[in-house]
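For reference, the structure is listed below as structure tokens.
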Amino acid sequence: MYTGTELGESESDRQVLVLVLKTLLCRLPLPLLALQLQVKVQFPGPVGQQRKQEKRRGNCVVRPDISLLRHFEKHMVVVLTAPTTISSEKNEIIEGCHVPVLLPNGDGWHASEVLSIKEVNGKSLFYIHYEDYNKRLDEWVPIERMDLSKLEQPKKDIKTPIKKEGGVGAPRISNGGTESRPSSPEREPIYENGTMQSLGLSNSGAMKVHTGCDGFGSRKRKLEEDTDSQDAPLAPRQTGSMVAHHDDIITRMKNVNLIEFGKWRIKPWYFSPYPQELTTLPILYICEYCLKYLKSAKCLERHLQYAQHLCLLAKLFLDHKTLYFDTDPFLFYCLCEQDAQGYHLVGFFSKEKESAEDFNVACILTMPPYQRMGYGKVLIEFSYELSKVECKTGSPEKPLSDLGLLSYRSYWSQTILEILLDLKPNESGERPCITINEISELTSIKKDDVISTLQHLNLINYYKGQYIITLSDEQIQTQERAMAKRPIRIDPKCLHWQPKDWSKRGKW
Ligand code: ACO
């Protein structure tokens with residue numbers, strides 16, 4: 001006889017489920033009614049997503065009510081599945097059973113322990129641990145790989161230990177549900193564009209394990225867990241050691257199927273407490289740069305749009321630039337400060353992969369907290385070092401902002417003066433001689449910018465039919481002081497880079 005009290009969490013849940021069972025079962029052929037059945041009821045829509053699937057078994061003798069069934073068919077999906085406690089002739093397979101399992105390569109049988117049972121497309125799968133082997137070899141196997149003639153029931157007096165340390169109450173596995181796979185600690189989902197939510201860490205720093213929503217066994221587990229956690233007061237973590245104590249069933253089972261990490265797809269070896277909702281995915285996508293985990297390739301793609309986010313951020317401090325969402329034509333060079341916490345973005349510049357106008361910087365920014373500390377000039381200097389390796393002269397994209405012009409003027413002036421002051425008289429003791437073209441080639445500063453800088457510094461004089469550059473003592477001293485204020489310089493010897501010919505690519 002069916003007992004409604006086993007169902008649902010609330011009284012109304014129970015009533016609905018009982019009705020569904022009755023109306024459903026009345027449609028089955030009579031012989032089936034005698035069977036023990038497991039019934040999975042899914043509520044569609046948002047409500048359904050919140051409510052977890054309820055799974056129960058029961059025998060019913062009911063009268064047909066077709067109109068009621070139609071009503072529920074509109075709102076629910078009812079799935080009949082075979083019970084997951086698999087009966088063999090003598091015994092049934094439950095968690096804790098010991099049974100020989102055919103090794104993956106078909107290379108003989110090996111004693112194994114059944115840790116969990118689940119159903120996939122109506123077929124039972126068993127999570128087994130090959131005894132005396134490292135648990136990274138544990139796997140889900142079908143019943144066909146088991147030698148049921150040698151099945152041994154778990155010893156009654158041995159219970160799966162419950163981990164109490166640090167407030168973590170590891171649930172016992174119940175064998176009543178259709179899926180007994182342990183879950184990760186329940187935590188807030190990580191949204192594709194969101195920040196990391198609560199990590200479910202208790203005050204003690206221990207991971208909080210919540211398993212109350214994934215089936216029959218889980219409800220029982222939840223109660224046990226609650227009781228356990230009451231019994232065991234939360235103890236602060238006593239040690240920084242990360243050595244695991246493998247005495248709970250949850251951490252004995254791998255929970256993530258496969259990860260995609262950069263160009264690799266990797267099968268995890270062990271349990272890791274990723275959010276529960278992500279452990280049911282066929283693949284977990286992990287950003288190889290910041291290690292954020294995402295639920296789909298699409299989310300990862302969006303996440304990797306770092307350059308777009310950088311442009312959006314830069315636009316907050318740039319008035320006269322247009323924001324292009326297509327960042328593919330550009331390369332981005334980021335400057336960071338490093339400390340114990342990691343890398344902190346200080347500034348960046350973008351550069352067109354191919355520039356018809358010989359621009360070597362499209363957009364440059366120093367984040368306001370780091371401005372006027374010389375970082376702008378470091379970025380500018382770096383952009384010219386790249387141009388030197390490319391054997392090109394370059395110029396920033398126009399128009400320049402007011403601060404852009406100030407920074408470039410300052411950089412051009414100091415760089416050109418540095419060249420001029422380095423010039424030595426020739427062997428006959430005559431004053432040194434240099435052309436605008438030579439300055440441009442040595443510095444990779446475009447000829448127009450060299451001329452405008454020399455004019456701005458008012459260095460060019462026409463004397464006895466030729467142009468000469470005259471530097472006053474004051475100008476020399478100002479230059480020396482300015483150079484002393486530039487502690488961070490780019491050392492071209494440290495630049496290991498080969499320019500890429502982007503024109504050879506069909507398209508970006
Ligand atoms: N007032 C006066 N002079 C300034 C100022 C300011 N607010 N900011 C910079 N300067 C001068 C400095 O005097 C310095 O010259 P000096 O060494 O001769 O004194 C020079 O500019 C460079 O200073 P840095 O500290 O190296 O440069 P900073 O890190 O401040 O970055 C930058 C300069 C990138 C222009 C920064 O001001 C910025 O991000 N501004 C907002 C975005 C912007 O306008 N970008 C340039 C657009 S043009 C383009 O993208 C091609």
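The values are calculated or read from the model by the stated rules, or taken from the named source; none is laboratory data. These numbers were taken from a predicted model, which means no experiment stands behind them. Using ideal geometry, Cβ is built from the backbone for each residue, glycine included, and neighbour counts are taken over all protein chains shown. Ligands, DNA and RNA are excluded from the accessible area calculation, which covers all protein heavy atoms including side chains. Shrake-Rupley method; radii C 1.70, N 1.55, O 1.52, S 1.80 Å.
Evaluate the following for residue 328: is it loosely packed, with under 14 Cβ neighbours inside 10 Å and touching a residue at least 60 places away in the same chain (Cβ under 8 Å)?
yes
If I filter region 382-391 for residues that are without any contact (Cβ under 8 Å) to a residue 12 or more places away in the chain, out of contact with any Phe, Trp or Tyr (no Cβ under 8 Å at 6 or more places or on another chain) and away from the ligand (no atom under 11 Å from the Cβ), do I get at least one hit? Yes, because at least one residue in region 382-391 is without any contact (Cβ under 8 Å) to a residue 12 or more places away in the chain, out of contact with any Phe, Trp or Tyr (no Cβ under 8 Å at 6 or more places or on another chain) and away from the ligand (no atom under 11 Å from the Cβ). The residue of region 390-412 that is nearest to residue 348 (Cα to Cα), among those that are part of a helix (DSSP H, G or I) and of a type in the set (A, V, I, L, M, F, W, C), is 403. When residue 416 is tested against (1) more than 12 Å from the ligand (Cβ to nearest atom); (2) of a type in the set (Val, Ile, Thr); (3) more than 24 Å from residue 366 (Cα to Cα), just one condition goes unmet, and that condition is (3). Does residue 473 meet the test of being acidic (Asp, Glu) and closer than 19 Å to residue 406 by Cα? Considered against the rule, which asks whether it is acidic (Asp, Glu) and closer than 19 Å to residue 406 by Cα, residue 473 comes out as no. In region 485-508, of all residues being at pLDDT 95 or above and among the aliphatic types (A, V, I, L, M), the one that is nearest to the chain's Cα centre (by Cα) corresponds to 495. Please tell me if residue 422 is acidic (Asp, Glu), out of contact with any Pro (no Cβ under 6 Å at 6 or more places or on another chain) and closer than 30 Å to residue 356 by Cα. Here the answer is no, as residue 422 does not meet what is asked. Checked against (1) within 30 Å of residue 351 (Cα to Cα); (2) open to solvent by 40 Å² or more (accessible area, probe 1.4 Å); (3) not charged (D, E, K, R), residue 439 meets all criteria but (2).
Determine whether region 300-313 contains at least one residue that is more than 10 Å from the ligand (Cβ to nearest atom), under 30 Å from residue 135 (Cβ atoms) and without any contact (Cβ under 8 Å) to a residue 60 or more places away in the chain. Step through it out loud before you land on a result.
Just the residues of region 300-313 that are more than 10 Å from the ligand (Cβ to nearest atom), to begin with: 300-313.
After this cut, where a residue has to be under 30 Å from residue 135 (Cβ atoms) as well, the list is 300.
Restricting the remaining residues to those that are without any contact (Cβ under 8 Å) to a residue 60 or more places away in the chain gives 300.
Looking for residues that are more than 10 Å from the ligand (Cβ to nearest atom), under 30 Å from residue 135 (Cβ atoms) and without any contact (Cβ under 8 Å) to a residue 60 or more places away in the chain, one finds at least one in region 300-313, hence yes.
Please state which one of 455, 466 is at pLDDT below 95, open to solvent by 100 Å² or more (accessible area, probe 1.4 Å) and closer than 30 Å to residue 389 by Cβ. Reasoning before the result, please.
Numbers: 466 fails: closer than 30 Å to residue 389 by Cβ.
From the options 455, 466, the qualifying one is 455.
Do we find that residue 432 is at pLDDT below 95 and either of a type outside the set (Lys, Arg) or closer than 20 Å to residue 486 by Cβ (or both) in this structure?
Values: at pLDDT below 95: yes; either of a type outside the set (Lys, Arg) or closer than 20 Å to residue 486 by Cβ (or both): yes.
In short, yes.
Within region 415-436, the residues that satisfy the criterion of being open to solvent by less than 20 Å² (accessible area, probe 1.4 Å) and under 25 Å from residue 351 (Cβ atoms) are 415, 416. If you go through region 314-364 and keep only what is more than 27 Å from the chain's Cα centre (by Cα) and within 11 Å of the ligand (Cβ to nearest atom), you end up with 317, 318, 319, 320, 321, 351, 359, 360, 361, 362, 363, 364.
Exactly one residue among 288, 260, 337 is without any contact (Cβ under 8 Å) to a residue 40 or more places away in the chain, open to solvent by 30 Å² or more (accessible area, probe 1.4 Å), of a type in the set (D, E, K, R) and part of a strand (DSSP E or B), and that residue is 337.
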